[in-house]
Amino acid sequence: MSARDRILAKLRGSQPAQANALPDLAAHYAPRARGESKAERLARFRTGIEGFHAEVHITTESDWPTLLASLCADKQVGTLMFGAATPAGRRLTGIGVPKVELRPWAGQVEDIKADLFHRIDAGFTQARGAIAETGSLIVWSSAAEPRSLSLVPPIHFALLDAATIHPTFYDALVSENWAAGLPTNALLISGPSKTADIQQTLAYGAHGPKELIVLVINAEGDTA
């Protein structure tokens with residue numbers, strides 16, 4: 001018997017008679033449930049993400065394009081790249097943003113790399129949801145809205161519906177049935193880019209977006 005065969009035989013011999021039972025995640029997370037209202041989840045998410053230097057602005061379904069235009073003017077955004085095939089993108093295409101050149105994502109990143117890295121002031125994406133516990137956005141990239149929009153431009157605008165804020169990451173996984181299928185990239189974003197590689201000092205804006213601005217759609221009077 002070769003050394004390889006002896007090692008494999010030893011490993012097989014040490015296998016348990018039956019596989020260990022999978023942990024009961026629902027039982028683990030049940031004691032942490034807070035029974036929060038939507039307003040409480042929004043408040044907790046906002047506190048968390050603002051603690052990591054993100055901006056949060058509360059708006060409504062009808063008013064968010066006007067708010068976006070105002071923020072673009074305040075931050076001197078001249079060119080905004082977005083996914084024109086998304087619901088929010090189609091709305092932007094229809095109404096425009098005053099004094100801002102809207103650049104729909106088109107083609108492959110190789111085709112627009114120069115513009116994306118050097119001529120685009122801000123990227124705009126929709127958030128799939130958020131996590132109150134960690135103050136994180138959930139962004140799923142797609143062909144219509146690739147991850148480059150949230151990772152490359154100096155400013156990242158993210159549109160979030162307050163109704164999609166989950167208490168914990170586990171709640172997001174279960175309620176949205178992530179096990180049924182995931183995109184190529186699922187992003188959790190908790191603020192603008194940051195690094196502590198230089199002298200172990202946390203610095204923001206070292207690479208990627210220097211600003212993260214979250215527009216939260218919160219239906220008026222909806223506190224459920």
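The values are calculated or read from the model by the stated rules, or taken from the named source; none is laboratory data. Fair warning: this is a prediction, and the values are worked out from it, not measured in the lab. Every residue, glycine as well, gets a Cβ built from its backbone with ideal geometry; the counts of neighbours run over all protein chains shown. Keep in mind that these areas ignore ligands, DNA and RNA; they rest on the heavy atoms of the full protein, side chains included. Shrake-Rupley method; radii C 1.70, N 1.55, O 1.52, S 1.80 Å.
Examine the stretch 212-224 for a residue that is at pLDDT 95 or above and either in a helix (DSSP H, G or I) or over 16 Å from Arg41 (Cα atoms) (or both), and state whether such a residue exists. Steps first, answer last, please.
Within the stretch 212-224, the first condition is being at pLDDT 95 or above, and the residues that meet it are 212-217.
Cutting the leftovers down to either in a helix (DSSP H, G or I) or over 16 Å from Arg41 (Cα atoms) (or both) gives us 212-213.
Among the residues of the stretch 212-224, at least one is at pLDDT 95 or above and either in a helix (DSSP H, G or I) or over 16 Å from Arg41 (Cα atoms) (or both), which makes the answer yes.
Meeting the requirement of 3 or more residues that are modelled with pLDDT under 90, the helices (runs of 4 or more DSSP H) wholly within the stretch 1-60 are 3-13, 25-29.
Exactly one residue among Pro167, Pro153, Pro183, Pro209 is out of contact with any Phe, Trp or Tyr (no Cβ under 7 Å at 6 or more places or on another chain), open to solvent by less than 50 Å² (accessible area, probe 1.4 Å) and closer than 28 Å to Tyr29 by Cα, and that residue is Pro167. If we scan the stretch 124-133, do we find a residue that is among the acidic types (Asp, Glu) and free of Cβ contacts under 8 Å to residues at least 60 places away in the same chain? Checked against the condition, which is being among the acidic types (Asp, Glu) and free of Cβ contacts under 8 Å to residues at least 60 places away in the same chain, the stretch 124-133 yields no hits at all. Residue-level check: of (1) assigned to a loop (DSSP other than H, G, I, E, B); (2) in contact with a helix residue (DSSP H, G or I) (Cβ under 8 Å, 6 or more places away or on another chain); (3) open to solvent by less than 60 Å² (accessible area, probe 1.4 Å), Lys99 misses just (3). Residue count for the stretch 121-138, restricted to those that are open to solvent by 10 Å² or more (accessible area, probe 1.4 Å) and under 23 Å from Met81 (Cβ atoms): 4. Just one of the listed residues (Ile112, Ile138) is within 12 Å of the chain's Cα centre (by Cα), of a type in the set (A, V, I, L, M) and over 25 Å from Asp74 (Cβ atoms), namely Ile138.
Filter the stretch 73-91 down to residues that are of a type outside the set (Val, Ile, Thr) and either open to solvent by 30 Å² or more (accessible area, probe 1.4 Å) or more than 20 Å from the chain's Cα centre (by Cα) (or both), then give me how many there are.
Here is the first cut: in the stretch 73-91, the ones of a type outside the set (Val, Ile, Thr) are 73-76, 78, 80-85, 87-91.
Restricting the remaining residues to those that are either open to solvent by 30 Å² or more (accessible area, probe 1.4 Å) or more than 20 Å from the chain's Cα centre (by Cα) (or both) gives 73-76, 78, 84-85, 87, 90-91.
Of the residues in that region, 10 qualify.
Determine whether the stretch 9-26 contains at least one residue that is under 27 Å from Ser190 (Cα atoms) and either open to solvent by less than 90 Å² (accessible area, probe 1.4 Å) or over 25 Å from the mean Cα position of the chain (by Cα) (or both).
Applying the first criterion (under 27 Å from Ser190 (Cα atoms)) to the stretch 9-26 yields 25-26.
Filter once more, keeping what is either open to solvent by less than 90 Å² (accessible area, probe 1.4 Å) or over 25 Å from the mean Cα position of the chain (by Cα) (or both): 25-26.
For the stretch 9-26, residues under 27 Å from Ser190 (Cα atoms) and either open to solvent by less than 90 Å² (accessible area, probe 1.4 Å) or over 25 Å from the mean Cα position of the chain (by Cα) (or both): present.
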